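Following: one structure in structure tokens, then a few remarks.
The values are calculated or read from the model by the stated rules, or taken from the named source; none is laboratory data. Treat the numbers as computed from the prediction; the structure is a model and nothing was measured. We place every Cβ from the backbone using ideal geometry, glycine too, and count neighbours over all the protein chains shown.
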Amino acid sequence: MSLDELYRQVILDHYQKPRNWGRLDDDAVTVDLNNPTCGDRISLQLRVEGGKVTDVRFTGEGCSISLASASMMTEAIKGKSVDEALALADAFSRLMQRQDVGDIDLGDLEALQGVSKFPARIKCALLAWKAMQEGLRHAGQPAKE
Amino acid sequence: MNVKEIRKLFPILHQEVNGHPLVYLDSAATSQKPLPVIEAVERYYREYNSNVHRGVHTLGTKATEAYEGAREKVARFLNAPDSAQIIFTRGTTSALNLVAWSYARRVLREGDEIVITPMEHHSNLIPWQQAAKATGATLKYVPLRPDGTIAVEDFAQTVTERTKIVAVTHVSNVLGTINPIKTFAAIAHEKGAVIVVDGAQSAPHMKVDVQDLDVDFYAFSGHKMCAPTGIGVLYGKRHLLEQMEPVEFGGEMIDTVELYDSTWKEIPWKFEGGTPIIAGAIGLAAAIDFLESVGLDAIRAHEEQLARYALERLRAIDGVTVYGPEERAGLVTFNVEGIHPHDVATVLDSRGIAVRAGHHCAQPLMRWLGVTATARASFYLYNTEEEIDKLADALQYAKEYFHNVLG
């Protein structure tokens, strides 16, 4: 097992310079998730308009894998439809389990494939994606009549 | 103490992990098991596996003798007055929960106090939160000093006439702090409270005499002291155990069963409903024999030396912060500046070194330290100074690796 397989340059770049870092307005969908086994946490905010993720921000604390995965996730879903974002989450989770992702283009996210060889770290990579799935499920329900 | 000879008895230590000889520095999570323990469990299953307390047949008698013999061994190990005061449980967590359910909820009234400390493992914290919520009692914390120890004066001030229960760990699983339990017990008793001690990190590593400490309850786990998982112990003073109702009802624990009511056996059996953890108890007895053959004082001295050496080596590395007091049990919790403990642990693992990374089931203590997570190296009788050298070298390597890749 080689550390360089895990710590790919693109991952470390996102870790050092997380994209979409910060807060949206309070009326955005907000999901706070912890990883209770290790103390990592993320606060993810999503703005969904017309079935599309029009904006997304996050803050949190965690290891390189958890923060980089969160940052890359926000870039990957911004501008996508809710269905596309959820399909991407599904594909990403399959990537972590070393299963076939089908014909979905994961782009830069492929760099996280190395995590699947470090089973203890898969939970780190999945935290932000779980937050996103939960947030989009909320966004799918009409908030006000 | 001949560590080289001791290591020969631990088959698991003689393997390579990720191309490097295994350096196991996670014994505070669970210890490795020596051949005498593995063989004792195997012998039970191969030669006399049988249920206890019921069979008239020969194997049943043998199994019962081994199981009750284990209880007597534990009683001697803790210097308990009577083996009836030794209850076998699933581990420290279930032992502490038994006290919180069966003793605490019966005696606590609204306005009573439970005193605990910020260094408790979740297993000696959440049961008391729940007991407080259920009874209207108040949970109070003894403050910690900046070095992670508790001042006796602070303890004495926190415990009042309204305190019914004091629950405190003997040794902190994060800081390594060794609490002055005998002094704490005397103060608790002066105020009319009972003291419950979490011995998960002390029983494996130092001589414990429950009569000398004068504790009311003392809990520990087998798996942290060379025994199998799934076996633990609750020691309690007789008059307290006799007041307590069982929390699990069923076979084994009954005296007479009528259609609409039943009566229980005496202690300890009334707390051991169902087929007990026979193989676990037999393994625990073998572990006690093994640890006593080495000597608990020798083990403590060895670990004290390892902790001192680890402190010296880790503090010499620029950017490494070590938490906890000078005087400590055999563990060192630390962080490396700019590298998350998970990343530290992954780099160490790539060199065959096993450490724990995370919050160590002590979230309030992490908040007190002002961190979300830490890495921890913990030692046992089979660890060596050479292994600590490897840890220090690997931490240096981790720093350089991240320095290079992060640019």
So which of A:D100, A:D55, A:D83 is of a type in the set (D, E) and in a helix (DSSP H, G or I)? A:D83
All-but-one check, B:R145 against (1) in contact (Cβ under 8 Å) with a residue 24 or more places away in the chain; (2) assigned to a loop (DSSP other than H, G, I, E, B); (3) touching a helix residue (DSSP H, G or I) at 6+ places or on another chain (Cβ under 9 Å), failing number (1)
Residue pairs within 6 Å by beta carbon, gap of at least six or interchain, first lying in the range B:78-95 and modelled with pLDDT under 95, second surrounded by 23 or more Cβ atoms within 10 Å (Cβ to Cβ) and not in a helix (DSSP H, G or I), listed first then second, are none
Within the range B:151-174, restricting to residues that are in a loop (DSSP other than H, G, I, E, B) and touching a Ser or Thr at 6+ places or on another chain (Cβ under 7 Å), the one that is farthest from B:A100 (Cα to Cα) is B:V174
Those residues of the range B:315-348 which are touching a helix residue (DSSP H, G or I) at 6+ places or on another chain (Cβ under 7 Å), among the charged types (D, E, K, R) and over 22 Å from B:N18 (Cβ atoms), in sequence order: B:R328
Among the residues of the range A:2-49, which ones are in a strand (DSSP E or B) and either of a type in the set (D, E, K, R) or modelled with pLDDT under 90 (or both)? A:D32, A:R41, A:R47, A:E49
Collect the residues in the range B:352-373 that are charged (D, E, K, R) and crowded, with 20+ Cβ neighbours inside 10 Å, keeping them in residue-number order. B:R356
Here are some residues: B:L381, B:L391. Which one is away from every other protein chain (no Cβ under 12 Å), touching a Cys at 6+ places or on another chain (Cβ under 9 Å) and modelled with pLDDT of 95 or more? B:L381
Output yes when any residue across the range A:28-48 is in contact with a Phe, Trp or Tyr (Cβ under 6 Å, 6 or more places away or on another chain) and over 19 Å from A:R121 (Cβ atoms), and no when none is. yes
Might you let me know whether the range A:21-28 holds any residue that is more than 14 Å from chain B (Cβ to nearest Cβ), over 22 Å from B:L348 (Cα atoms), aliphatic (A, V, I, L, M) and touching a His at 6+ places or on another chain (Cβ under 6 Å)? no
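For every residue, the table says whether it meets (1) within 14 Å of chain B (Cβ to nearest Cβ); (2) buried (at least 17 other Cβ atoms within 10 Å of the Cβ); (3) at pLDDT below 95.
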site: A:A85; (1), (2), (3): no, yes, no
site: A:L88; (1), (2), (3): no, yes, no
site: A:D100; (1), (2), (3): no, no, yes
site: A:E110; (1), (2), (3): no, no, yes
site: A:R121; (1), (2), (3): yes, yes, yes
site: A:A128; (1), (2), (3): no, yes, no
site: A:A131; (1), (2), (3): no, yes, no
site: A:G140; (1), (2), (3): no, no, yes
site: A:E145; (1), (2), (3): no, no, yes
What number of residues within the range A:29-63 satisfy the criterion of being among the β-branched types (V, I, T) and either closer than 22 Å to B:V355 by Cα or within 14 Å of chain B (Cβ to nearest Cβ) (or both)? 3
Counted residues in the range B:198-215 being among the acidic types (D, E) and crowded, with 24+ Cβ neighbours inside 10 Å come to 1
Within the range B:265-368, strands (runs of 3 or more DSSP E) holding 3 or more residues that are away from chain A (no Cβ under 14 Å) and at pLDDT 95 or above: B:320-323, B:331-336
Any idea which of (1) buried (at least 21 other Cβ atoms within 10 Å of the Cβ); (2) of a type in the set (G, A, S); (3) under 18 Å from B:W269 (Cβ atoms) is the one B:A75 doesn't satisfy? (1)
Of the residues in the range B:42-62, those that are surrounded by 20 or more Cβ atoms within 10 Å (Cβ to Cβ) and either of a type outside the set (F, W, Y) or part of a loop (DSSP other than H, G, I, E, B) (or both) number 1
If we scan the range B:283-297, do we find a residue that is over 30 Å from B:K33 (Cα atoms) and either surrounded by 15 or more Cβ atoms within 10 Å (Cβ to Cβ) or not hydrophobic (A, V, I, L, M, F, W, C) (or both)? no
